[in-house]
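Working notes for the structure below.
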Amino acid sequence: MDEDPTPHAGPIAAAPLAGFTVAVTAARRADDLIALLRRRGAAVVHAPALRIVPLADDGELMAATKELIDSPPDAVVATTAIGFRGWIEAADGWGIGEGLLDRLRSAELLARGPKVKGAVRAAGLVEDWSPGSESLAEVLDRLLESGVAGRRIALQLHGEPLPGFVEALRAAGAEVVPVPVYRWMAPQDLAPLDRLLDAVAVGAVDAVSFTSAPAAASLLSRAAERGLREAVLDALRGPVLSACVGPVTALPLQAEGVATVQPERFRLGPLVQLLCRELPARARVLPVAGHRLEFRGHAVILDDTLRPVPPAGMALLEALARRPGWVVSRAELLRALPGAGRDEHAVETAMARLRAALGAPGLIRTVVKRGYRLSLDAGECGGAGDRWAEVR
């Protein structure tokens, strides 16, 4: 799990994702997603949940390609631009590129969306039809309406399940030949994924992003292997946001009762824009000592300024915020501190650093011989009003 080592000294203006930690599970195009997230202020942990089998080394793809050359398909469905290009390049490397292109020219070629259409034409081919919506459901409707009984249809898979697609074609009488382009396997180095699972289980990340269904399934499978499945699922059902690039990607999570968010357009840019809306909307905001205090994963927004907070200080602040305006004892705060032991002096040390990080006097009050409290603005303490008045 590679962390974004972005230390900040002093207050800085708050970017949309400043103070939040977002995990990236992608193997393909991970650098693009990480750059977009960091540009908007997020701390990023990268833990690939999968690795992609190089196409040139993929015996399954080679076997499927040779089968199509030997027994030509009536129709071919191309689902992704990168997958289609990779397929053609791999076939060239095996010395069967021209044979594959000949078969594709003689078949009805359906390209899912403009990007796939561009890849088809770059290979010197012309598609017979392409939907404007990039919807595989629309491709399926087109095939079923034209009749598929007795037809041999090659379907370029793209590493994700296509629920109902193959079943519907076979039920209508088609012979379906799956073409497994960029097949997924578990990562060779599991340590980053294991560190991410540990962080998710304790809520140390604010969101996990998924760009493929196999990545989501692989993360849950590894969690089960390590005995963390329920802890990880509890976190994903609660404080840790699951952000998926599209509905197919979300299926393994939703099957486990995990609510997900998805952008309307299934692209990395809209996924990041969605996170920029969702995470701040989930942040807790309190009026404290005349200031607006917004709680983020590893920082706070004080009025409009980002204030990074050390982990120990954040633990204290969250403990105080659970009962805003109430006195929280040193013993209770000590229990909230990670690895603090039994010495209450650790609370005083962490509190001093927290106050320095916040940089505004009066946010946290010391109640002599009792503990500390957040200086919640008058009229904002709800049912804690009597208790709050008692310790002012």
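The values are calculated or read from the model by the stated rules, or taken from the named source; none is laboratory data. Quick caveat, the model's predicted, so the values are computed rather than measured. Neighbour counts are summed over all protein chains in view; Cβ atoms, including those assigned to glycine, are modelled from backbone coordinates with ideal geometry. Surface areas here come from the heavy atoms of the whole protein model, side chains and all, with no ligands, DNA or RNA. Shrake-Rupley method; radii C 1.70, N 1.55, O 1.52, S 1.80 Å.
Observations on the model:
- Scanning the range 225-239 for residues that are open to solvent by less than 70 Å² (accessible area, probe 1.4 Å) and under 9 Å from Ala201 (Cβ atoms) yields Leu228, Ala231, Val232, Ala235.
- Meets criteria (buried (at least 18 other Cβ atoms within 10 Å of the Cβ) and at pLDDT 75 or above) for Ala27: yes
- Yes/no for Ser209 being part of a helix (DSSP H, G or I) and either among the hydrophobic types (A, V, I, L, M, F, W, C) or in contact (Cβ under 8 Å) with a residue 40 or more places away in the chain (or both): no
- A single member of Leu220, Leu268, Leu286 is hydrophobic (A, V, I, L, M, F, W, C), open to solvent by less than 30 Å² (accessible area, probe 1.4 Å) and modelled with pLDDT of 95 or more, and it is Leu220.
- Conditions (1) in contact with a Pro (Cβ under 9 Å, 6 or more places away or on another chain); (2) at pLDDT 95 or above; number of the one not met by Val248: (2)
- Scanning the range 104-131 for residues that are among the aromatic types (Phe, Trp, Tyr) and part of a helix (DSSP H, G or I) yields a count of 0.
- Number of positions in the range 212-260 that are under 20 Å from Arg277 (Cα atoms) and part of a loop (DSSP other than H, G, I, E, B): 7
- Take the conditions (1) crowded, with 22+ Cβ neighbours inside 10 Å; (2) modelled with pLDDT of 90 or more; (3) more than 30 Å from Ala231 (Cα to Cα); (4) hydrophobic (A, V, I, L, M, F, W, C); Val181 misses just one of them, which is (2).
- Residue check: Arg373 meets all listed conditions (1) surrounded by fewer than 17 Cβ atoms within 10 Å (Cβ to Cβ); (2) over 27 Å from Gly41 (Cβ atoms) but one, namely (1).
- Per the conditions (1) among the small types (Gly, Ala, Ser); (2) open to solvent by 10 Å² or more (accessible area, probe 1.4 Å); (3) assigned to a helix (DSSP H, G or I), the sole criterion not satisfied by Gly297 is (3).
- Of residues in the range 320-335 being surrounded by 19 or more Cβ atoms within 10 Å (Cβ to Cβ) and free of Cβ contacts under 8 Å to residues at least 40 places away in the same chain, the one farthest from Gly359 (Cα to Cα): Leu334
- Answer residue from the range 312-332, given it is of a type outside the set (Ser, Thr, Tyr) and more than 32 Å from the chain's Cα centre (by Cα) and is farthest from Gly290 (Cα to Cα) among those: Ala331
- Residues satisfying the stated conditions in the range 16-69, i.e. closer than 30 Å to Gly313 by Cβ and either part of a strand (DSSP E or B) or of a type in the set (Ser, Thr, Tyr) (or both): Thr21, Val22, Ala23, Val24, Thr25, Ala43, Val44, Val45, His46
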